[in-house]
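Data first, discussion second: the structure below is written as structure tokens.
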Amino acid sequence: MSAGGGHVCGLSDDHEPNCWEWPGLALPKGLDFSIIALGQNFLCGVDKTNGTAMRCYGGTMPPPPAFAYGDAAYKAVAAGRRHACAVDAMGGLVCWGDGNPDGNHLVFNSTLPGACTNKTSCQCDVVSGSGALCGTGGGVSDVELAVCQPCTIPLNASRIVVANGRTPTPGNNGKNKNALVVGLSAAGAGVAVLAAVGLTFYLVGLYMLFSFLVCYIFSKRLAI
């Protein structure tokens with residue numbers, strides 16, 4: 001979505017610009033834009049399939065000039081009342097239309113993978129060299145700014161799986177878990193059965209020994 005002058009335009013799902021309250025704008029069918037920018041009475045867009053191509057429609061805007069640093073893709077486009085500017089992937093700047101500030105030069109010779117923030121708020125490390133670029137953010141205090149480095153996620157020991165060295169078959173994790181549970185359950189039941197059988201034999205043995213002693217003592221008394 002972009003607005004300029006008294007007009008508003010947006011990109012459809014097919015990346016084609018659709019504009020409101022602009023009956024005088026004639027756009028060809030089949031435009032495929034990734035970025036658009038609106039001035040007072042013109043629209044400029046970057047071709048989605050070819051990021052190095054830009055076209056403008058409406059008003060008397062001249063075509064955008066070429067970048068001085070090769071065929072780098074457009075990364076940003078902005079439009080004013082009767083002029084527009086664009087930045088390419090190499091940091092080059094071009095402007096065209098009324099009030100051209102003599103662009104076509106490198107304006108960004110270094111970029112950062114994030115926003116500058118208070119250095120003390122970084123939980124892990126900071127991006128190397130970001131402190132020199134961030135500085136103090138123009139503040140009067142001595143607060144150091146930097147870009148925070150993403151924290152490394154430690155290995156969770158509870159997630160380590162001990163296997164038999166064979167590559168698991170895709171899609172059978174649930175079956176393996178079920179088989180393991182069933183196997184352990186069966187093993188536990190087997191141990192319980194063996195324990196019950198052993199206890200039974202033990203009790204039977206005690207009963208036979210007790211019977212033998214009773215019979216022996218009774219026979220001795222009869223002999224007397």
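Taken together, the values in this text are just the output of simple stated rules run on the coordinates, not laboratory data. Bear in mind that the values here come from a model prediction, so they are computed numbers and not experimental data. Note that each Cβ is placed from the backbone with ideal geometry, even for glycine, and that neighbours are counted across all protein chains shown.
Details
- Stretch gain in nm, segment Glu144-Thr60, where the contour uses 0.36 nm per residue and the Cα spacing is subtracted: 25.5 nm
- Sequence ranges 18-31, 117-130, ranked by mean other-Cβ count within 10 angstrom, highest first: 117-130, 18-31
- Between Lys29 and Ala115, the C-beta separation translates, for a Förster distance of 45 Å, into a calculated FRET efficiency of about 0.65.
- For segment 2-106, the alpha carbon positions stretch 37, 30, 17 Å along the principal axes, listed from largest to smallest.
- Computed from the Cβ-Cβ distance with R0 of 30 Å, the FRET efficiency linking Trp20 to Arg82 stands at 0.90.
- Residues of segment 33-60 with amide N under 18 Å of a point placed 7 Å along Cα→Cβ from Asp13: 33-34
- Simple point charges give the picture: +1 on the Cβ of Lys and Arg, -1 on the Cβ of Asp and Glu, and for segment 1-86 a dipole about the Cα centre of about 320 debye.
- Remark: spin-label model distance Gln123-Ala73 equals 3.2 nm, labels positioned 7 Å along the Cα→Cβ axis.
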